Each structure stands twice: as structure tokens, then as C-alpha cells.
There are 4 protein chains.
Amino acid sequence: MPIPKPNYTPPFNITRASHAVLHVKDLAKSRAFYVDLIGFIVSDEDTDALYLRGVAEACHHSLVLKRGSEPRAECVGMRCFSEDDLDKAKFYFDKAQLPALWVERPHQGRTLRVNDALGAPLEFCATMERKPRLVVSFKDHHGAVPQRIDHFQLLVPDVQHELEFYTDLGFRLSEYIAADGADTPHFVFLQRKGNPHDIVFAPGAGPRLHHAAFSIPESYLFFYVCDLAAQMGFAENVEFGPGRHGPGHALFVYMRDPDGHRIELFNTHYQCMDIDDEPVRWDTSYVGKRNWQLPARAMWFSEASRFAGVEPREPGKKGAPMTLEKYVAAE
Amino acid sequence: MPIPKPNYTPPFNITRASHAVLHVKDLAKSRAFYVDLIGFIVSDEDTDALYLRGVAEACHHSLVLKRGSEPRAECVGMRCFSEDDLDKAKFYFDKAQLPALWVERPHQGRTLRVNDALGAPLEFCATMERKPRLVVSFKDHHGAVPQRIDHFQLLVPDVQHELEFYTDLGFRLSEYIAADGADTPHFVFLQRKGNPHDIVFAPGAGPRLHHAAFSIPESYLFFYVCDLAAQMGFAENVEFGPGRHGPGHALFVYMRDPDGHRIELFNTHYQCMDIDDEPVRWDTSYVGKRNWQLPARAMWFSEASRFAGVEPREPGKKGAPMTLEKYVAAE
Amino acid sequence: MPIPKPNYTPPFNITRASHAVLHVKDLAKSRAFYVDLIGFIVSDEDTDALYLRGVAEACHHSLVLKRGSEPRAECVGMRCFSEDDLDKAKFYFDKAQLPALWVERPHQGRTLRVNDALGAPLEFCATMERKPRLVVSFKDHHGAVPQRIDHFQLLVPDVQHELEFYTDLGFRLSEYIAADGADTPHFVFLQRKGNPHDIVFAPGAGPRLHHAAFSIPESYLFFYVCDLAAQMGFAENVEFGPGRHGPGHALFVYMRDPDGHRIELFNTHYQCMDIDDEPVRWDTSYVGKRNWQLPARAMWFSEASRFAGVEPREPGKKGAPMTLEKYVAAE
Amino acid sequence: MPIPKPNYTPPFNITRASHAVLHVKDLAKSRAFYVDLIGFIVSDEDTDALYLRGVAEACHHSLVLKRGSEPRAECVGMRCFSEDDLDKAKFYFDKAQLPALWVERPHQGRTLRVNDALGAPLEFCATMERKPRLVVSFKDHHGAVPQRIDHFQLLVPDVQHELEFYTDLGFRLSEYIAADGADTPHFVFLQRKGNPHDIVFAPGAGPRLHHAAFSIPESYLFFYVCDLAAQMGFAENVEFGPGRHGPGHALFVYMRDPDGHRIELFNTHYQCMDIDDEPVRWDTSYVGKRNWQLPARAMWFSEASRFAGVEPREPGKKGAPMTLEKYVAAE
């Protein structure tokens, strides 16, 4: 399958990844992880929810934790530019026979809820309550000093389908992985905001949320947040890294929260907004080789957060990534 | 004068600050400064010009140094999204009675040249020759490891005029400084690419180019590049900083190149692309207070690069910034 | 005057700079500065005193702040290796007709108090109450994350006299500044612990305590502590730097506490303990040139903490260092 | 077995770990690894040897690579304070019936060669040819910017024996690991220079050289040197880390050179020179738990460099450390 051509005149204007909504079983434990360890700023909290933002964010939240009976992802949130874009989105999804509903979300402006072509729940808003940007409020900096949300990664049973769906919405492909010699990408990085990713699709049983990613400002903080994790009893929550990505190029560390939801902390990406920024291709064989860090454990590839009410489907063809387990067994 | 409303349907789509073109008297000396000290990547060079890019840039150049008899800025370059936008730009400027000319520029696609409302020379292109992005080619990293161009600052005799002109072009005001109690901004930060600045206007005899700014990735590198500067005989070229900005919030250091052109190295800005991102106001009195670094020397406020063939005009009203000279005299 | 030969068989074994004792007018203000800003660990406190240590120290204190009516330094403290060395010290000073007294000091073992040849008050102990070393207790890291005390600098009216006195005690000269072409050092760096300085003597009215220096672990923290200082209202307390030293080579920042006592934060020195480590000579003219940072203000050269009960004497010959005031005036 | 009491009046004065001498099969490959990747300074080289030092070292070498037919360690070098100490050492070893020989070593002063109680080859010198200290010669900084040698780790069949032997020589125990509830240390960290280690003994077939360790100045450089390693084709040489140590507390990364010799890069240790610095005890069970990094691979525990001409002996009792292989198998 060929790579679809970018759509420079999308039906409505999505500007960026906006927020993740997660269900957690114990808000106090989640607070210890996200606030006391990672360093998110608490915008609001009550007995049922915790609204968090990064220090460089002036929007009310980029991460919402809701008390729930099961660890689930509720949706991934995208920002549209204007109210007008929300109306255009409603019109677009209705026409595409994807039921789009106006929903009430605290601290957000008008919000449209829809499931994407493979069932992944999305919500769109154009405005959010404003909060002080604390990027130079150094007294409030803690842990990894998360700056802002950057992107989501989803496991999906049909990456090509998502690639086409999101390309239609105006997302541009920045990087992709394809089998050696093949044309069809099976791992795609898509963006709206002008850096490599707002949403990433990898093959796997899904749709499930693999991770939400937040940027951090200094190499030093990768070590500091891991050190603090170990001291706070979260050593086992450091799942993969620190290490260096191939696609996207950033330093990363993946952590699992107390419910098993995964977040990525990474330092910032390159800028990518020119019409002549062609998608970067990576061969599967190249990506499969170890970088200086050891490969990820099998669970990093297979485990992800189910979306509430969405039954994952298995992909037609299963991948066989190089896992840490295989790597050490091969020696 | 009130702040003009943003124009969300601009006449053509400018996406970002693209490149600066400077005239220098001795390319070898400039190369020592920009390549051996700062760490720019040489995309091309001949006896008359040096084309430089940052390690995170895949475009051919973001800084062009041309051999010239006098140290002058030739123009500031902006990227438009598409060829179509260039044609719309041509139409727009013609209609506005600002003569816009198609010019030939090596390694750039079709390029439109125009002087802005106050005479500052601009050029626009939509494409540029592509070069490898070296962001993870660590062997090529050197000096401050400049990532990419970020913005320009110009001194102009009439900031309000520029604010209105660039707002019409679709630039959004991200931050501004105004006299205490007054409405009219006299120092404005304008953006297209989704972080605080692509172009900044400060009051002064002009139009003159105050500086071009390039992002660097780690705090550590501010010290390393200054240390290297001192060892290489460029101690006096470190003009101001390292220090912390008020508006924009970044860490910075300003350096003067061998011809006196000024560049800023800074770490990255916050994201700023939502419709509800209101301009941040700073009072003159607040900005005038010293931060932890001492105030800038008088020359930082008054000296800037003249544009070739453009006679600077004095502003109607002169500012009286707190300079280092005043600060130490007041003690 | 020639440089005295090192004494490798000293009368008693001093191992390192141990602690500074300062009188402050308002312990709450001092606590805000030293604990909330700089990040010292509080080992003990009561209404009359605050005992502080760095995160890498397992001794009870390296900085003692006592409530007093005037900002004074009480003494500089040195560690001897053993109790036996304290007895030898007592014998040595008695013989040298420098009255040495056994004094009671909370949290310290047996302590000997003496004034040096020029009247600077010293105290020696061999043991101190032990406290947990918090170098990997990341939850307790804050501000500049001070690691440990490193050295003291004193202004004295007769540097040569101190050089001879401390050389007799076994201190080794690591670096020194001398007038171009002259033999006599007028600024000397002396060490016992195997890095360049435990005590430094500079010419000036004295003896007065110019500063106590504490090591910090990362470049990043120079910026963070300055940023935090500005946010906490301590911008004016950042007196000089961040910058790079000539002698000793370290990055530094000098801060003034609420009483005007000066501390230096710096990153670590090189190792210097071999018999063939010859003192490094610096010419006055070389040191007087600006490094990448601007020169220090005149007050950095002239102001220092008086020792309680010790009347400073003027040096016979006054220096004329390059100050920031002179530097900006010369432009 | 109890911990032996420190010997504060040693038979001769050893001051610090000085240098490692390694046999390598291909000096060009070793140069690529140690100079082009790690960043050592070349003090001298010829067709048979490469003499390297860190940027903060003014001694001629801290690492000597000699061309050899097999990858072997030749010896570990220690610095004595004076020539007199070398004579005392000769006397001491002769009396202990350990044959000590005066040997010629290029660029070193008088050098004494001896095998320790378990056969590990040591050499002692008091002086070495002097070279410029390049700690602020930023142009010469590259790779991990190694500062100086810090310590050696040896695998030995009888740790207690070495503990007693080196305690007699004046080494002090700074930290040790012992089985839960047991008194006898089986992993010991010994020091002379005033920080936690100059030489470390771990249980294993030996004596073999497990690694030589060199300090690096910034967290950032752990990532940079690993990134550079991957780009230069040395990804597989990154054996363990970056990670955080329990004993000693430092950040570390272990790399294998082209011959399989192991080096550790780590950031600096705490100061440890007071008489009341008691050895820190770690329980085996505690050290066996994973920190935030995953456990080391089995090869990190078992592989080490044989000393030329010294046949390793198996320890009486084998350890069973938690390896990465066991860790991933247990999940």
C-alpha cells in the first residue's frame, strides 16, 4: 500500500495533541506518582478526579485522572483551532457516519466526542480554562519538570487504516517504519503541530493507548527522575530507558503508573513544518538493532491501556520485535 | 493605541522564521566564529559565501554569510507554506504598493523579495534544497550545538506600525512590553510557528537587525560555548549573559560575531498556538529591574546591524533602558 | 620573596576545611537564604543557631549560623585527623606564642581555638557528631544541591606572612598570582585535602572572611539556583557570576546572604596531591583580563565579613584590580 | 571474620590509584575507542604503546595501552607520595616475602613492581613526567571528557585476604557488602585518596581486573558518550548502564573496549577522609534488588581481564548475583 498524499486543506483544523484522560483505581497513589515523582502541576482536584498540567502549559490540563473501577484510558484529546473548526468536525464525522456527540467536560470549552475509524475514542475542544504558565516559577518545579504534553501512541490492529484516516484529517506523516524492501509502513508517526508527532500508531491488539508523552527540558532530569523514582519505591515502574530513540531522535524514559498506564518522558523533538519535509523511512531491520540501550522488554511491546468500553481486536499479522528477553537469550 | 486583533485568515501563509543573510568582511574569520566556535554545520561554501544550518535543520541554510565590503544585514528570510502562498504574497504586496520582486537565491526555491512597511528587507520562499538532518549525528556536534533558527529581533523607529503590519500578515502577538499604566506596547514579540517569537520589534533607530536567534539544547552548552569562546580569543564577543529573559522566559547568551553582527543562543521556548493564548503583558518598570544577571551594556540596546541600502530613522521618542553603565553608577 | 618550600612533615595533621561559623542578625532570613534557596540540609536548629551541612556530608555541620547583633564571621574551622593531632597542635601553637584554648562546641569533639599569625580566628577539631549522608536521598535535594564545604578565602594585609605560616602547618601552595615579572605571590591558594584549595589568601584590609565555598554537582544548577534566587527576591544577592575562574578553573557564582556574608558555589576542582604537583603561577596582567564573564564589581574585591573582635588592618600596598566599574567606564 | 582495624601508620604512603596498563591487540582500534569515543588525551604514542590521560590530569598517563598478542591487564599502578616511600615499600615487601623489583617504565620515575598477596601485579611510583593539565582547554574536550582515573576493581578468589593485605598497607574500608546477618564482607571498597575507592575487591575467579574507573563531569555526558558510541559502531560495547550505583552512589556506565577490557565512567564520589568516617555496610539482599536500571548481564559479573602471566583461581564459594538474565526469566 502506498503512503497517502498529505491533505493540506483538511476538513477542520486540528492543532495539536491536547490531553489524555485515564481511569485510575486510587487517586492518592496516582498523585504520588504524577505529582510527587514526575512533577506535574495540579490545576484542580476533587475526590473523583485530578487535573494536571506541565509547567509550560497555560491550559487547564493535559492529563486528567479519573477515579474508576478499572485502569482504562477514556480518550485522547486533540485541540482544534477554533469553535468553527469544532462545528466543521461535527459535520465531517456525521457525514463519515462516525457518531460525534457534544459532551460536557469540566474546564474545557465546547467538546466533541467521537470514535475514530478503528474505535479509538477522541475528544476535540478549541478552548480550555486558562491557568498560569509556570515555566519560570522555579519554586513549582519538581521531579522531571514536565513541560507539556507532546503526543500519544496507540496500538491498533490496522495501522494503514489509521494512517489514511488521520491523513484525511490533515495529519502529516513525519517518520515511519516499513519492512525492508516493502512500501507499506507498519509504524507511523503523524503530526499537526510542527514537530514529529502528535499521534503515533504501532501494530498490535487495539485500539489501546500505548503511552502519552510529555517533554522534559534537560538530560540531567532523566537521571534525577529515575533516582527519585527508586527512592520513592517506584524503581519497578521505570520500564524502559533512559535511552535514545531511532525515529524521532529524542532521549526517552518510559514509566508505568500505579495502574499500569504508561507515560513517556522525552526531551524535545526537531521542528517539522515545511512542505518539503518528506517522511523519514526506517527499515524494520535497522530499528530492530539495539541502540546503546538494551532492547525493551516484551511487555513494552505488548502491554497497553484498554480504552473504556472498546474491545481490542488482534491484528491480522503479528510482529516479532526484538525484545530484551530474546536479546539476552541469544547471547 | 490598542493592540490590533489577530488576523486568523491571513492573505498568505507564513510558517516560520527561515534564514538570515549577513554581509561580512572576512569569511575565514566568520567561519572561525560560526563554525569552529558556535558549531554551525556548513552546507556549502565558496569564496563569496558560507551557507550554514543548525544540526536539527534539514533545510539547506538558516544563516547565509556573504563576503561584503561592509558589515550589513541583507535581509531576514521567512518561510511560506506553499508556492501558492508566494503568489498570494506577491499579489498582496503589489496591492499594498510595496514592490515585491522575484529574485534568484542559490539553494532556495522561488523567492520573493520585498521591503516591509518601514523598509526592512524581507525575503520569502516555500522550499529550499534539502540536507541531512544531523540532530543525532553526534560526531558533527560541536560548540553550542545550534539546533535551528528561531527568530529575529529588529530595532525600528515605529513599533506600533510594525505590529499592525505583521498582524495583518497573520503574525500573532505573544508577549509585549508597555509603559506602566499605558496601553500601547513599545516592544512586541510576534509569532507564526507556534512558539513565542518569529520576529520581535524593539524601539530604536532602524530598521536595523538587532539579532538572529538560534536554539541550543542544554544548559551545559551555555557554559561550554562561552568557555570555548574565551579559549579561542572571543571573550570580548560574549556581549550579554548567560542570563534569563523576562519575556519569552528562556536562558540566553548574546554574542557579537567578528563583524559586530549579534546572535542570540537560547534554550527553547514554550508552545504557544492556541486561540486562547492571550498576549502576555509586561510593565516597563518590571522589565527594567535586574534579574539575577546584571543589566545589558548600553551597546546591547543601541548597536545593531544596518540593512544594506536602508538608512535608519530615529524613533520619535527615545527610550531610557536600565543599562549596566547606569546600574553600576547608581550603586 | 621566594615561595617557601612545602613542609611534608607538618607539626600536626590538618586534613581539610571543615566549617564556617557566621553571626547573622535574623535566623529566619538566613534560613530562607541557605535552606530554601541554596538547599543546605538542616542538621539542628534552635532559637540561637542553625547547623547546616551539604548533601554529601556525613559530619554534623559545615556551616553554623549564630544569632548575633552584628554580621560577623566567628571563625573558620579546620579538621585535624586525630585527637593526637589536636594535642600536637596545642603544643605547636603554645610554643609559637599563639594562645590556643580548648573550647566547647556543640556537636563537635574536642575543639581547639587559636588566632593565626595575622589574627584570623581558627578552630580545629578531629571529630564531629555523625549525620546521614544524603547524597542519594534525592527527596532532600533542593536549590543548588550543595555537596560539601570546600574552602575559605580570607583578605589579609600580608599575604606572604600567611603563606609562610600555613606552609609551616603543612599546607601546600597549588596556585598563586604574582605581578608580571615578580617572584612574590600576592594571592595564594593553599591546600591539604588533595584538591587546589582549603584556604586562600588575597590582599586586602583584614583578616576578613571573603567567602566560604561549597561545591555543587551540575552546570544546570548554577542556572537553577540563580533563577530560584530571582523568584524568591534574592536577585540582588547574586553578586558575581556565573562565570569561569582562572586559578582553580571551576565554574562559580558568588552570592551574598541577607547579612552580606559571601558564599561561593562552584563545581568541583581537579585532584592535586602528588609530590610533583608544582604550584601554578598566574601573572597579574593575565588574571586582570576579562574572561567571558564581565569583571567583578568593586564590592567583590573590597567587601568581606569582619571577624568578631578582630580589627582589620590595611595592607601596606593597595591593589588595583580590574573592576566592572572600571571596565564599563573604559569603553 | 571481623573487619580489620584501619592502620593509620602504614609502612609507606600510598596516595592514590595512578594508572592501568593493558595489553591490546590492535592499537588503532583501541585509539578509536579510547581517544575518538571516550575522549582521552594522548600524551605519547608509538607503534607499541599509547599513553593516555584525562583532561584534569597533569601526570603523563593514567592509562597505558601496549600492543600485545592477547588482551591482558599488565598491572594496576599506585602512586606513593615520595621516593622515600618507594624505598620503604621495597623494604616492606621484601620482609613480607613478596619479591619487589625495581623496573624501568617510560615517563615514570623510579618504579617498584610487586605481586600482591593473591598474585595481582602492582606497580608503584612517586613521580611521573608532567604534562599540561587540560581541564580548561575546552578545544581538547571530546566524548565523555574523562577527568582522571579514580579506582580499580579486581575479582579475587579471597576477598577477606585482600581486605587484610590492603588494610595493612594503610587502605581504609569505605563501604562493603555482606550477607544479611553476617559479619564478613564479601565485596569491599578501599581508599587512600579521600574518596570512597582506590581499589575494590569483588568475589570471583581471579585475580583479574574487572575494570578501571574514570570520572566524568556532567550527567549530560553519559548520554553523549553513549550516543556517540552508537554512531561510531560501539553500541554493543555499552555493557551496563547508564545507571545509579548503590555503594559509592555515583551514576555509572560500563563499556567494553575492543579487546573486552572494561572501563567505568562515573561522576564523582563524596569526600571520605575523616577518622570518624565509618565503613558503610550494605546487605546482599539490598544490593541484589534492582535500582531503576535493570540488573547487569551475567557477563558483567563473570568476565574480567586476566593479568598477564597470572593464572586465575576459583573462589571457594561462588556467588549468585541477580543478573539481567535471571531477572527477565523471573517475570
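The values are calculated or read from the model by the stated rules, or taken from the named source; none is laboratory data. Predicted model only: the values in this text are computed from it and were never measured. Neighbour counts are summed over all protein chains in view; Cβ atoms, including those assigned to glycine, are modelled from backbone coordinates with ideal geometry. Side chains included, ligands, DNA and RNA excluded: accessible areas come from the protein's heavy atoms. Shrake-Rupley method; radii C 1.70, N 1.55, O 1.52, S 1.80 Å.
A few comments on the model shown:
- Overall Cα dimensions of the stretch B:238-311 - principal axes, largest extent first, Å: 41, 32, 24
- Label point of C:Ala182 set 7 angstrom out along Cα-Cβ; within the stretch C:1-38, amide nitrogens under 13 Å from it belong to C:1-2.
- Taking the alpha carbon gyration tensor of the stretch B:244-283, multiplying each eigenvalue by 5 and rooting it gives semi-axes of 27, 11, 10 Å, largest first.
- Hull-based mean projected area of the stretch C:1-56, where the convex hull spans the alpha carbons, in square nanometres: 7.2 nm²
- What separates the C:Glu236 label point from its copies, with the point 7 Å along Cα to Cβ, is 3.4, 5.5, 6.4 nm, written shortest first.
- Alpha-carbon spread of the stretch A:24-96, three principal axes, descending order, Å: 43, 31, 18
- 3J(HN,Hα) from dihedral phi, the stretch C:105-117, Karplus parametrisation 6.51/-1.76/1.60, rounded to Hz, x for glycine, proline: 10, x, 6, 10, x, 3, 10, 10, 10, 8, 9, 6, 4
- Computed label-point distance, nm, for sites D:Lys5 and D:Lys88 using a 7 Å Cα→Cβ extension: 1.9 nm
- Shielding by partners for peptide B:221-229, expressed as the average number of C-beta atoms from other protein chains within 10 Å of each residue's C-beta, is 6.
- P(r) tail, the stretch B:57-134: Cα-Cα pairs separated by more than 20 Å, 35% of all pairs.
- For the stretch D:167-227, the percent of C-alpha pairs falling in each 10 Å distance bin, counted from 0 to the bin holding the largest distance, reads 18, 37, 32, 13, 1.
- Interface size C-B, as summed buried accessible area [1.4 Å probe, Å², nearest 100]: 2300 Å²
- Sorted from closest to farthest, the other copies place their B:Lys5 label points 3.6, 8.9, 9.0 nm away, with each point set 7 Å from Cα along Cα→Cβ.
- Of B:Tyr224, C:Tyr166, D:Tyr286, the order by accessible heavy-atom surface (1.4 Å probe, DNA, RNA and ligands excluded), from most exposed downward, is D:Tyr286, B:Tyr224, C:Tyr166.
- Under the Debye formula (equal points on every Cα, no solvent term), log10 I(q)/I(0) of the stretch D:191-331 at q = 0.12, 0.17 Å⁻¹: -0.56, -1.15
- A Förster distance of 51 Å, applied to the separation of the beta-carbon atoms of B:Asp48 and C:Asp276, puts the FRET efficiency at 0.45.
- Cα-based Rg of the stretch B:1-127 normalised by 2.2 N^0.38 Å, two decimals: 1.16
- Rg [Å, one decimal], Dmax [Å, integer] - chain A, C-alpha atoms: 18.8, 58
- HN-Hα J in Hz across the stretch A:314-331 - Karplus 6.51, -1.76, 1.60, θ = phi - 60°, x for Gly and Pro: 6, x, x, 10, 8, x, 9, x, 6, 9, 4, 4, 5, 4, 6, 5, 6, 5
- The overall shape of the stretch A:25-67 is oblate: from the C-alpha gyration tensor, with semi-axes ordered a ≥ b ≥ c, the ratio a/c is 1.5 or greater and a/b is no larger than b/c.
- At a probe radius of 1.4 angstrom, the accessible area of the stretch D:237-331 per residue rounds to 41 square angstrom.
- With the helix formula -39500 (n - 2.57) applied to DSSP H stretches of n ≥ 4, chain A reaches a computed 222 nm mean residue ellipticity of -5000 deg cm²/dmol.
- Applying a DSSP loop filter and a limit of 14 other Cβ atoms within 10 Å to the chymotrypsin sites (Phe, Trp or Tyr not before Pro) in the stretch C:21-60 leaves nothing.
- Label-to-label distances for D:Gly109 across copies, nearest first, come out at 3.1, 7.0, 7.7 nm, using points 7 Å from Cα in the beta-carbon direction.
- Less than 5 angstrom separates the built amide H of D:Arg130 from none of the residues sequence-distant by 5 or more or on a different chain.
- On a per residue basis, the convex hull of the C-alpha atoms belonging to the stretch B:278-331 measures out at 150 Å³.
- Derived value for the stretch C:143-200: Kirkwood hydrodynamic radius 12.3 Å. Basis is the mean of 1/r over every pair of different alpha-carbon atoms.
- Percent antiparallel among DSSP beta bridges (both partners in the stretch B:204-316, rounded to 5): 75 percent
- The protein assembly as shown - Debye-derived log10 I(q)/I(0), Cα point model, q = 0.04 Å⁻¹: -0.24
- Beta bridges per DSSP with both ends in the protein assembly as shown, % antiparallel, nearest 5: 70 percent
- Couplings 3J(HN,Hα) for the stretch C:287-301, derived from phi with the Karplus relation 6.51 cos²θ - 1.76 cosθ + 1.60 (θ = phi - 60°), are 5, x, 6, 6, 7, 5, 7, 6, x, 6, 5, 3, 5, 5, 7 Hz, where x marks Gly and Pro.
- Shape index of the stretch A:87-227: Rg/Rh, with Rg the Cα radius of gyration and Rh the Kirkwood radius from the inverse mean 1/r over Cα pairs, equals 1.02.
- Taking label positions 7 Å along the Cα-Cβ direction at both C:Ala28 and C:Arg313, the computed distance is 4.3 nm, reported to one decimal.
- Förster-model FRET efficiency, 51 Å R0, A:Glu303 and D:Asp36, C-beta, rounded to 0.05: 0.80
- Within the accessible area of the protein assembly as shown (1.4 Å probe), percent carbon and sulfur: 53 percent
- Candidates per GluC sites (Glu not before Pro) in the stretch A:64-109, loop by DSSP, up to 10 other Cβ within 10 Å: A:Glu104
- Within the stretch A:1-95, the trypsin sites (Lys or Arg not before Pro) that combine a DSSP coil assignment with at most 15 other C-beta atoms in a 10 angstrom radius are A:Lys25.
- When DSSP beta bridges are restricted to pairs lying wholly in the stretch A:1-102, around 75% turn out antiparallel.
- Cross-link reach list, lysines versus D:Lys289, counting only Cα pairs under 25 Å and skipping chain neighbours closer than eight places: A:Lys29, A:Lys326, C:Lys139, D:Lys317, D:Lys318, D:Lys326
- Cα pair distances in the stretch A:147-249, grouped into 5 Å bins until the bin that holds the longest one, percent each: 2, 11, 18, 21, 18, 12, 9, 6, 2, 0
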